[in-house]
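Just so you know, all these numbers are worked out from the coordinates, no wet-lab data involved. Because the structure is predicted, anything quoted here is derived from the model rather than measured. Here the Cβ positions follow ideal geometry from the backbone for every residue, glycine too, while neighbour counts run over all protein chains shown.
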Amino acid sequence: MERLFQLKEHGTTVKQEVIAGVTTFLTMAYIIFVNPSILSMTGMDKGALITVTCLASAIGTGITALWVNAPLAMAPGMGLNAFFTFTLVLGNGATWQQALGVVFISGIIFLALTFSGLREKIIDAIPSELRLAVGAGIGLFIAFIGMQGMGLIISNPATIVGLGKFNISVVLGLVGFAIMGLLEMRDVKGGILIGIVITTVLGIVFGAVDLPTSVVSMPPSIAPIALKLDIIGAIQPIFLGSIFSFMFVDLFDSLGTIMACAHEAEMIDEKGKIKNVSKILEADAMATVIGSLLGTSTTTTFVESASGIAVGGRTGLTALTTAFLFVVSLFFSPIIGIVPAFATAPALILVGVYMFKNLLDINFHKIEVAIPCFLIIIMMPLTYSISIGIAFGFVSYILVSLFNGKIKDIKPIMWAIGFFSIIELMFK
């Protein structure tokens, strides 16, 4: 362990790293329930999705552990799975096979950009306020999806949306959200996971959920979705904007997580730069490509890694522990499979709350900032599309800058991004 992870050099021990890895797993294990719940709406096999979610998380986190030696965990990203389901498949009419092809292509491009050094130029070209607005908009979008999932918000012919009836599913969903919120307020590790479990148990008690026929079993086969991606079908003009959106969100989601965790994990060098940041992003891109081949949406670095870092995680042994626990989870699919939508929906709302906090760092007093950021945030839930929200925000940013006489502030890459954004809107 010492030779592989340099524990003494990082001032840590095997015990401390294992505890950190368990902590990280508990705070992000909800993805095992939520990701299959969201992606199965496209027609993908839910059992296979449970297995693939665990495998993609274990492989991505394992790559980070052994190749980068960083205490960062990876899994199919929240928001990105919603984009996959509600924008690409249910919104644009793509097959889930084509959607997997889009994820694969975006991962390959992300990997090429990382190796070529263009990644830094893209980061510099996009104003920080727009990046923050994307995170906040995705938070609002997935919270809206969560409210629909539990039946709290329903369609209404007169007003488009309306309040649902308070049946058993809605009531239990709200109870679950309250439990998660209280646990998170008290800094209970794994509060979201505990809330999902309690809500599911309450569903069993009140007859809304059937008991599993077994507790442990061999993992469901991944054959129904593995290697079923349609790369050729994904190479169409209508998907250009979606490919960019996947890549963009994954890039800045990962960067935001890395920057948030770097100082706490002592990953900053003497020049103030993040150690191995390129390798971490390369691992992220590789995990996305592998995940698409297995059959899941974009894999990204999870901000929940901060929970393990907070209790002492400093090396890849933390990540390796988390990866091992995802492998163990493969054998509990009967329990995972009975978790209802009203138990996972509150998790979407709470994750949306966390992501929406990005608004605090956006200066809405400047109208040239407020207009594009507001359009990004509001258009995502209203159009049921992350990519449309991004496109409206980026195009409006360029137009506002032009009208404001600040054409020199628009970097060449931003013009290219604006062009792809217009294509995205034209093909809707």
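Report the GluC sites (Glu not before Pro) located in region 1-67 that are in a DSSP loop and have at most 14 other Cβ atoms inside 10 Å of their Cβ, or state none. Before the final figure, lay out the partial values.
Working: sites: 2, 9, 17; in loops: 9.
Answer by residue number: 9.
Starting with the highest mean, order 156-165, 190-199 by the number of other Cβ atoms within 10 Å, averaged over the residues of each peptide.
Values: 156-165: 10.1, 190-199: 23.2.
So the peptides 156-165, 190-199, ranked by packing, come out 190-199, 156-165.
Mind listing the long-range amide H neighbours of residue 300? Cut-off is under 5 Å, sequence gap 5 or more, other chains count too, H placed in the peptide plane at 1.01 Å from N.
Placed amide hydrogens put 75, 77 under 5 Å from residue 300.
Among 147-155, 131-139, what's the highest-first ranking by average C-beta atoms within 10 angstrom per residue?
Details: 147-155: 19.4, 131-139: 25.3.
Highest-to-lowest ranking by the protection proxy: 131-139, 147-155.
Region 218-254 to region 130-207: how many Å between their Cα centroids?
After rounding, the separation between the Cα centres reads 26 Å.
At 18 angstrom or more along the helix axis (alpha-carbon based) and mean Kyte-Doolittle of 1.0 or higher, what helices does the chain contain? Whole DSSP H runs only. Intermediate results must be reported in sequence, preceding the final value.
On the way: long enough: 14-28 (21 Å, 0.93); 46-63 (25 Å, 1.40); 96-116 (30 Å, 1.63); 128-149 (32 Å, 1.26); 168-185 (25 Å, 2.21); 191-205 (21 Å, 2.67); 240-262 (33 Å, 1.51); 277-294 (25 Å, 1.25); 316-329 (20 Å, 1.84); 341-356 (22 Å, 1.95); 367-383 (23 Å, 2.22); 386-403 (26 Å, 2.21); 412-426 (22 Å, 1.72).
What comes out of the filter, once short or polar helices are dropped, is 46-63, 96-116, 128-149, 168-185, 191-205, 240-262, 277-294, 316-329, 341-356, 367-383, 386-403, 412-426.
Please work out which option in (1) 149; (2) 130; (3) 228 gives volume of the Cα convex hull per residue in Å³ calculated from these coordinates, and answer with its label.
Only one option fits the structure, namely (1).
For the chain, what's the relative contact order in percent, using C-alpha pairs closer than 8 Å and at least 6 residues apart? Each step should come with its number before you reach the end.
Values: 804 pairs, mean separation 151.6, N = 428.
Answer for the chain is 35 percent.
Find the centroid of the Cα atoms in region 26-64 and in region 317-389, then give the distance between the two in whole Å.
Measuring centre to centre over Cα atoms gives 14 Å.
Ranked from highest to lowest mean number of other Cβ atoms within 10 Å per residue, what is the order of the peptides 98-108, 296-306? It would help to have the intermediate numbers written out before the result.
Working: 98-108: 26.2, 296-306: 28.1.
Peptide ranking by packing, descending: 296-306, 98-108.
Would you pull out the residues with amide H under 5 Å of residue 153's amide H, same chain only if 5 or more places away, H placed 1.01 Å from N?
148, 164
Relative contact order of region 25-183, please, whole-number percent, based on alpha carbon pairs below 8 angstrom and at least 6 residues apart. Walk me through the numbers on the way to the answer.
Values: 100 pairs, mean separation 21.8, N = 159.
Dividing the mean separation by the residue count of region 25-183 yields 14 percent.
Remind me, relative contact order of region 133-215 in percent, using alpha carbon pairs under 8 angstrom and six or more residues apart? Provide the component values of the computation, followed by the final result.
Working: 52 pairs, mean separation 14.7, N = 83.
Here the relative contact order equals 18 percent.
Where the Cα atoms of region 1-112 are projected onto their three principal axes, how long is each span, largest first, in whole Å?
Taking the Cα atoms of region 1-112, the three principal extents are 53, 32, 20 Å.
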